[in-house]
1. Taking the stretch 254-287 as the region of interest, how many residues are part of a loop (DSSP other than H, G, I, E, B), within 14 Å of residue 96 (Cβ to Cβ) and not polar (S, T, N, Q)?
2. I'd like to check something: does the stretch 312-334 contain any residue that is in the same structural domain as residue 34 (by TED's automatic domain parsing), in a strand (DSSP E or B), within 20 Å of residue 201 (Cα to Cα) and not β-branched (Val, Ile, Thr)?
3. Among the numbered criteria (1) in contact (Cβ under 8 Å) with a residue 12 or more places away in the chain; (2) of a type outside the set (S, T, N, Q); (3) loosely packed, with under 14 Cβ neighbours inside 10 Å, which single criterion is violated by residue 303?
4. Can you pull out every residue in the stretch 51-73 that is assigned to a helix (DSSP H, G or I) and within 16 Å of the ligand (Cβ to nearest atom)?
5. How many residues does the stretch 188-220 contain that are loosely packed, with under 15 Cβ neighbours inside 10 Å, among the charged types (D, E, K, R), without any contact (Cβ under 8 Å) to a residue 60 or more places away in the chain and in a loop (DSSP other than H, G, I, E, B)?
6. In the list 211, 201, which residue meets the criterion of being modelled with pLDDT of 95 or more and either more than 16 Å from the ligand (Cβ to nearest atom) or closer than 16 Å to residue 88 by Cβ (or both)?
7. Kindly provide the set of residues from the stretch 154-198 that are among the charged types (D, E, K, R) and away from the ligand (no atom under 16 Å from the Cβ), ordered by number.
8. Look at the stretch 335-365 and say how many of its residues are in a helix (DSSP H, G or I) and of a type in the set (Ser, Thr, Tyr).
Amino acid sequence: EQILTQPATALPTLRAAVTGLPAYVPGRRSVGADIAALASNESHYGPLPAATAAVAEAAGRMNRYPDMAAVELRERIARHLGVTAEEVAVGPGSVGVLQQIITGLCDAGDEVVFAWRSFEAYPILAELAGARPVRVPLDDGEGHDLDAMAAAVTDRTRVILLCTPNNPTGVPISHRRLEAFLQSVRSDILVVIDEAYVEYADAGSGPDSLALYRRYPNVCILRTFSKAYGLAGLRVGYAITTAAIAEGLRRTALPFAVSALAQKAAIASLDAGEEMAARVSLVKQERSRMAAELEAQGWALQPSQGNFLWIRADGQLLATLVEAFDAAGILVRAYQGDGVRITVADPASNNRVLRLLAVHAPLPA
Ligand code: PMP
């Protein structure tokens, strides 16, 4: 028998696009009762009881592959939003769907335009696809600078990512401004409206994305069950887009990426929409209470439409805040050079945040 010997010089290497990515630093998990997990904008209520029951019911069939086309879930989402199931693509979290979108539309060297700072996965997914991430700085109010974004478009631009309300600043894009933007960009560019936090937005604060989708077929709406619906750990999100793009996204998807448990839980969660809305309104009350108190403490905040608050800070102030939150056992998200994002949760955790920030509040001018 012939034994092939390899030249023993080189070892397998990763693509440069991969080695160039920032190292993945997992968020610290909450490990004790005294730790407040306010770093990931999760729901502090836990899953909706109907979702837990649906998962328990489906668990006995884990030996079977899930429905790869997720027909029942897509039909339920379609009914929820008044579109057809053909216009719905689901994936393992909205970040999974976004990966399908970017790899489905971008060739190497194509450009993905987005605001910065925004959701951290945007540049990573673009780089992974071999596309070029184009970051457009936020405006003075920490919202999207849509004029600058339109000006950043080139003939290589294939996808524009808009995040409303924006993670991490909480600032929404108004309907009027977004519509004017859509009128100004080429119709062959897919404009993704990432609405991961839309359930927390006050009515009328952000765009009527479905109305825009109906008028501008290059609009793609991205939503998730991870935030207000409380299913972050199950991984399920979706896009609303034309049937042709949705069908293409299903082709780029990893087979069976959305588990049967996740599909069942998502359907049960949509069925429990009123219960979700009641939870959301309590979070919004807490958001208002916290924002008012922080402003009274002297913090300058942008009004957040997400389930989080954004404290602008850099240099020494940021370092001090990071250390203080750490010492207090409160897990928050710090962004080097930019600020700290704090999830709005139960009143007791929120009060801990308020007490901590009172100590470090800027002195009144
Ligand atoms: N979009 C935005 C703006 C987010 O903040 C997140 C989660 N941090 C996601 C998408 C992805 O969430 P998931 O993959 O859990 O749906």
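1. 5
2. no
3. Single failed check for residue 303: (3).
4. If the condition is that a residue be assigned to a helix (DSSP H, G or I) and within 16 Å of the ligand (Cβ to nearest atom), then 51, 73 are the ones that fit.
5. Total meeting the criteria: 2.
6. Every option except 211 fails the conditions.
7. Answer for the stretch 154-198, where residues must be among the charged types (D, E, K, R) and away from the ligand (no atom under 16 Å from the Cβ): 155, 156, 158, 176, 177, 179, 186, 188.
8. Residues meeting the conditions: 1.
The values are calculated or read from the model by the stated rules, or taken from the named source; none is laboratory data. What you are looking at is a predicted structure, and each value in this text was computed from that prediction instead of being measured. Cβ sites come from the backbone with ideal geometry, for glycine too, and all protein chains shown count toward neighbours.
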